[in-house]
Amino acid sequence: MARFLVRRVLSATLTLFAVSVLSFLMFFALPKDPVTGMCPKNCNAERLERVRQELGLRDPLVDQYVGYMRGIVAGRDLGSAQGGHCAAPCLGYSYVNSEPVTSTLSRVLPVTLSIVIPAAVLWLALGVGLGMISALRRGTAFDRLAIGFSLTGASLQLYFVGAVLLIVFVYNLKVVPVQHYTSMLENPAKWASGLVLAWVALAFLFSAIYARLSRAQMLETLSEDFIRTARAKGLAKSQVYGRHALRAAITPIVTIAGLDIGGALGGTVITETTFGIQGLGRTAVEAVRGGDLPTVMATVLISAAFIVVANIVVDVLYALIDPRVRLQ
Amino acid sequence: MRSRVAAAAGAALAVVVLLGACGKNTGQGNKVDNGRTPTGVIATDPKDSMGPAAPVPGAANGGTVTIIRQAKISHLDPQRVYSFAGLMTAPLYSRSLTTWRDDGKGHLTLVGDTAETPGKNVNNDCKTWEFKIKSGLKFEDGRAITSKEIAYGIARSFNPDLTSGPTYIQEWLADTPQYDTKWDFKANKTSLPPGLTTPDDKTLRFEFAKAHCDLPFAVSLPSTAPLPADKDTGVNLDLQPFSSGPYKITKNTVGVELVLERNTNWDPATDPVRHQYPDKFVWSFGADPEAGANRVISDSGADQTALAWNGIPSSLVSKVAGDQSLKGRTLLEPTPSANRLTINTQRVTDLTVRQALNYAIDRDGLIKSLGGETVASPLTTLMPPSTLGWKQFDAYPAGKSGDIEKAKSVLAGKTPELVLGVSDDKDGTEVGTQLKNNLEKAGFKITVKTIPADAKLDETKKKNNPWDLYADSWAADWPSGASILPPLFDGRAIKAEGNSDTSFLNNDSINAEFDRVLAMDPAAQATEWPKLDERIMKELAPAVPLYVDVAYYLHGSKLGGLYVGSIFGYPAFTNAFVKP
């Protein structure tokens, strides 16, 4: 296990290195000049050039990249135009937000985590639970209802479901407050009520997909020989379904859940936009629109890190869930 | 006597000039009122510049005013504030040398803010200006504000790190657009830029190489806000400005929330325009325009005292306009943002063609295509009605929908082929289609070519751009013709790119007239610019005036005192209060 983990972490580091190089190059390849973004008006060509030099944008590309990476590890001095010293992990300075990018990320990451993690718990519990029960009660009214639910959920879009939830519960019934992030540590009740519609919207859409997937996997597993053998040996239903069938059926679901959650942590752009909550995804989109390239680069890196970490977690979970898989 | 003159005049008169037709805060209706002729005054009596400001009828102390906006305010540092949201918020926490007293109905008075009057034109040549600073001014920590802190605030605007703010005063003092190389702020933090002096704690003096009669207007921008040198945190001041106004920033969560609470060291007796009615102002960022408007429409909880800053989106206009219960909660007024169809006079050299375009234009049809009177209000002059001294005229009278026959007769059988450049977004496409259909009826052959929306401004500012016509807009920093006509039509400033004179008009006679009027004091200028506006239109027709933008806002049922400011055309907060 330890060797596996070390190998995966090294591989993940290489992946992140590649992403960092690519996103850094993107900084220069994009048509948007970061300096014009910093100085959108009242900056003539001479002044823009002085700003470019001050920011080190005329230094060799390799030097700039090494400086950036050194900043992540040890911090660096960005100069007075970018707020002076930037402590590690320094991801640059956002001239759009007038603050170090790490300050922006430390503010928006908890928001995205607060949206995604509870929503993921909901959609996995609801989706997998519904799918499993549906498979066990195949052909019953419950099964047909579950299929209907999953079809509906899979065919709707988040911006539509979100808008409906807002109109009904916030603007008309006024039973839910305007969606707004409050730290869980500051006020757990406000935290929950301020995000509940985002959780429900995400859970509704994702759980529909997981319900279909779980049902199909469970049905396939239930037709396997080892399940028939287990039944023939006289095992209790709960043991057959819970211990043998579920573990086998859930493996591919874990893979998809890992990718989904990893991707969502990288930014639930539509959810955040629909509910007007400033998380990582929305920050990334606004950074792209505003030409805030240090923030773009940092959000790309963070999103990549989430995906890479999610993959490692999935691999480890595989081994824990399915004894046939060994971590070599 | 002459030494006591305010503004540029040199005479101790409050000069009343006619303003144009501004709309009114309808309150009870959804019609833009274009029939009023408000006034503009440059106050000379120091009493006019002292507080307290006249009480707002019905106003009460307490409560929180919430302003819902999609995006954060780009800059809060007074020396960097230049966005409309910033310009409307800055007066809450910073004071400038002069400011505008605005009654919300278009009646404007330029008064001293930190200064006792809107300035003294010492030699009556607009080259030397002196401002006496009021007593009793304090920062949020209780320290007194003197001319030294005001001068330091102006000096730090030379810091090249502090981008995005207005640059008038820096360029005027340095007498060059390269002001930050002429005087290096970072190397001279304990001194002042050339031409700026503080003979004593109560006096601030500007000495320019050239005449700048608009100085009293220019110093009304937040870039003249005071700052003690020891509170200058460079670019980081943008997150936490140091207050000299009635409120101070107590919380700034970038992109999420900005909270301003009362500054107990602000003295209303020194302030002629601001109040301190609400306990707090809270900017709530994130909600898109639809969500923001829906929150205010639903009018529950904290949103009863909220304003939807992004206005009423087109998808909700009919709902709001049709709901009688919402009419008392709307603001509907024309803004100073003037839109015109620019004619590239380098390419369209035939005056009769330019005149025919003016006769043919169907403003009514164009405004309907844009969304109607809640979006735009017709304009036949180059300057918007909110300009000091504005006078209504129509150089090419053709009715609301244009006079196609008159245009044809002016063209005398010609069928000019013109290229119309429009942005490739929804508005640009709609305007392009409308103008093509409209102008082709008069015999023009219009080829519509799209320009990427984010590049249109830069591309049309290039001298050798390939279009004959393009839609432009101009919102001046102060309501003087000096900040409109010379930037737009003085051809001596034409360069390869980055031109404001996008008509590329360069007429010696007009240029000389600009020089003549600019050398006059602002009050006298106010009567001259409308004449020049009319002359440019009649003699040269370098553009087709189209419309001014209309501001359409909705606020909660318990929010009072809001009005659309006459300078920038956005909601002003100085009179805001929470209804009991």
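Observations
- In range of the label at residue A:144: residues from the range A:206-234 whose backbone nitrogen is under 20 Å from the point 7 Å along Cα→Cβ: A:212, A:215-216
- Ordering B:120, B:538, B:406 from the fewest to the most neighbouring beta carbons within 10 Å gives B:538, B:406, B:120.
- Compactness check for the range B:237-345: Cα Rg over 2.2 N^0.38 Å is 1.39.
- If the convex hull is drawn through the Cα atoms of the range B:316-366, its volume per residue in Å³: 123 Å³
- Percent of alpha-carbon pairs separated by more than 21 Å within the range A:154-271: 56 percent
- Extension gain (nm, one decimal) between residue A:243 and residue A:106, 0.36 nm per residue minus Cα-Cα: 45.2 nm
- Helix B:351-360 and the longest principal axis of the Cα set of chain B meet at an angle near 80°.
- Rounded D (µm²/s) - the range B:440-496, Kirkwood Rh over Cα pairs, Stokes-Einstein at 25 °C, 0.890 mPa s: 177 µm²/s
- Footprinting exposure proxy for A:286, A:220 (fewest neighbouring C-beta atoms within 10 Å first): A:220, A:286
- Using alpha-carbon coordinates, inclination of helix B:522-539 to the longest axis of chain B, degrees: 10 degrees
- Size descriptor for the range B:475-539, Kirkwood hydrodynamic radius: 12.1 Å (Cα pairs only, one decimal).
- Between residue A:256 and residue A:125, the contour length at 0.36 nm per residue exceeds the Cα-Cα span by 45.7 nm.
- Three semi-axes describe the equivalent ellipsoid of the range B:361-454; taken as square roots of 5 times the Cα gyration tensor eigenvalues and ordered largest first, they are 22, 21, 12 Å.
- Taking max minus min of the alpha-carbon positions on each principal axis, the protein assembly as shown gives extents of 112, 68, 61 Å, largest first.
- With a cut-off of 12 Å between beta carbons, the residues surrounding residue B:170 carry a summed charge of 0, where Lys and Arg count +1 and Asp and Glu -1.
- Entry note, the range B:428-513: relative contact order of 24 percent, from Cα contacts under 8 Å with a spacing of 6+ residues.
- Summed residue charge, Cβ within 10 Å of residue A:244's Cβ, Lys/Arg positive, Asp/Glu negative: +2
- Label-to-label distance, residue B:497 versus residue B:197, with points set 7 angstrom from Cα along the beta-carbon direction: 4.3 nm.
- Here the range A:197-262 yields Rg over Rh of 1.11, to two decimals, using C-alpha coordinates and the Kirkwood radius.
- Inter-label distance for residue A:113 and residue A:173, nm, one decimal - labels placed 7 Å from Cα along Cα-to-Cβ: 3.1 nm
- Dipole of the protein assembly as shown, positive end: most advanced residue of B:571, B:316, B:357 [Cβ charges, Cα centre]: B:316
- Per-residue Cβ neighbour rank within 10 angstrom, fewest leading, B:548, B:348: B:348, B:548
- Three-way shape call for chain B based on the alpha-carbon gyration tensor, with the a/c threshold at 1.5: oblate
- Relative to the longest principal axis of the Cα atoms of chain B, helix B:147-156 runs at roughly 50 degrees.
- Counting only whole DSSP H helices of chain A, the ones at least 18 Å long by C-alpha along their axis and with mean Kyte-Doolittle hydropathy no lower than -1.0 are A:2-29, A:61-74, A:101-136, A:141-155, A:188-222, A:246-265, A:293-321.
- The magnitude of the dipole of chain B, with charges of +1 and -1 set on the Cβ of Lys/Arg and Asp/Glu and taken from the Cα centre, is near 600 debye.
- Separation between Cα centres of the range B:260-323 and the range A:64-135, rounded to whole Å: 31 Å
- Euclidean distance between Cα centres, the range B:72-101 to the range B:524-580, Å: 18 Å
- Placing dummy labels 7 Å off each Cα toward the beta-carbon, the span from residue B:430 to residue A:324 is 6.0 nm.
- Listed pairs B:120/B:495; B:414/B:538; B:248/B:579; B:132/B:210; B:248/B:319; B:327/B:368 exceeding 26 Å between Cα atoms: B:120/B:495; B:248/B:319
- Classification of the range B:56-110 by its C-alpha gyration tensor yields an oblate form. The axis ratio a/c (a ≥ b ≥ c) is 1.5 or more, and b/c is at least a/b.
No lab work stands behind these numbers, since they all come straight from the coordinates. No experiment lies behind these values; they were computed from the predicted model shown. Backbone-built Cβ (ideal geometry, glycine too); neighbour counts: all protein chains shown.
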